[in-house]
1. Among the GluC sites (Glu not before Pro) within the stretch 221-313, which fall in a DSSP loop and have no more than 10 other Cβ atoms within 10 Å of their own Cβ?
2. Can you give me the relative contact order of the chain as a percent, contacts being Cα pairs under 8 Å and 6 or more apart?
3. Taking the Cα atoms only, what angle lies between the long axis of helix 85-100 and the longest principal axis of the chain, rounded to 10 degrees?
4. How far, in nm, would the chain grow between Ala48 and Lys129 when pulled straight, counting 0.36 nm per residue and subtracting the alpha carbon separation?
5. Can you list which of the trypsin sites (Lys or Arg not before Pro) found in the stretch 113-156 are DSSP loop residues with at most 16 other C-beta atoms within 10 Å?
6. Distance between the C-alpha centers of the stretch 74-92 and the stretch 294-315? Whole Å please.
7. On a 0 to 90° scale, report how tilted helix 2-30 is relative to the longest principal axis of the chain, with both axes built from alpha carbons and the result rounded to the nearest 10.
8. Between Glu196 and Arg237, what is the label-to-label distance in nm when each label sits 7 Å out along the Cα-to-Cβ direction?
Amino acid sequence: MKRWGALALMIFAISVSTYSYIDHLRYKAMHAIPLGLSRFDVTGPVPACGRWTAHMPKVRDPEAYRVYIEARKRWRSKIEWQFTKAELLQILADVRTGADKGDWGARALLAHFYLRGLGPMPKNKVLDKDGDKAVAIARMAVEAGQPWGYYDLGVAHQYGYGGAYYDLDMSWAYYLRAAQLGSPDAQMALAEAYGEAGRRDAQEQMVRCAYEQGHGPAATLLGRNALIEERYMDTLRLHQDGVKFGSKESAAFLLLAFGAGAESSIQKRVLTPLGLGEDLERYRRYREIDEALNLNPDLKFGGLDSVLPLPPAELPEWHGVEHTMDPELSGPPTY
């Protein structure tokens, strides 16, 4: 009997070992880096500066774009809690229409809605969070070779939601590919990794890649670095670019720099060495831009230098923040 018991235990152990090995193989298969992606090596070569616009579809349906862009304008016209349920239902319906018609801007916004929900209050909630659907749209974008899709899947794997299992190697493989294709967000993610590894030149190269594509956070970071290095005029210029690119942080920096009172540490650190000081009219204009970005973080201010130039240039007449904004395209839509 003892012999049979020992045999049974041995068979059981072999079975457990076999199943464990099979599970291990399944795990490895599930977690293998997908074809076309490479494992990110923080000590390896730095990606070339890709441009995301080079990888977007060359043809865009004008009607799908019109439906999407009008819905996005309404979406950015108020703070979310101010909308009625009927307004949000219409916005959601129009964004879905644009997405169904194939517009990738509409699909990206729809993924945003799925990821965060739509309607922050019981009285206007129209969509619950659904990470699975957000990730499904990102996977469609990856299949179409779009940089933002790779970046979004990287985020999903980093935090493990929407059916994208938690796997940091997988996440960084997606970030690497997104950066190669020109995603500014992915380029900034790689920059942070290079910085943590002590590769300052690689870090700056990636930040510059994002900056040259008009990425607000990249301009803000370069402005902060210039301040640390006591390059004060560069600090102002880079934050001015940050405002042009829609960085609320840069707008806040400049309004504090030019604001009232000698108590502002930013004013002392940046303006005083340049022989400049408080400028309440500049402060007022940057404050208007800051408030506009509170409402609509998508805004860009390509006309900034013509109506709000940096000193010592004289300020022209101000006709409101609308005159600094980049207009929405009225002709054939492009990216």
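Please treat every number below as a calculation from the coordinates, not as lab data. Worth saying up front: this structure is predicted, and the values here are computed from it rather than measured. Methodologically, a virtual Cβ is constructed for each residue, glycine included, from the backbone with ideal geometry; neighbour enumeration extends over all protein chains shown.
1. Of the GluC sites (Glu not before Pro), the ones in loops of the stretch 221-313 whose Cβ has at most 10 other Cβ atoms within 10 Å are Glu229, Glu263.
2. Contact order relative to length: 13 percent.
3. On a 0 to 90 degree scale, this one is about 70.
4. 25.6 nm
5. Here the trypsin sites (Lys or Arg not before Pro) that fit, given the DSSP loop and packing criteria, are Lys123, Lys125, Lys129.
6. The distance from the Cα centre of the stretch 74-92 to that of the stretch 294-315 comes to 27 Å.
7. Result, in degrees: 30.
8. Reported label-point gap for Glu196 and Arg237 is 3.3 nm.
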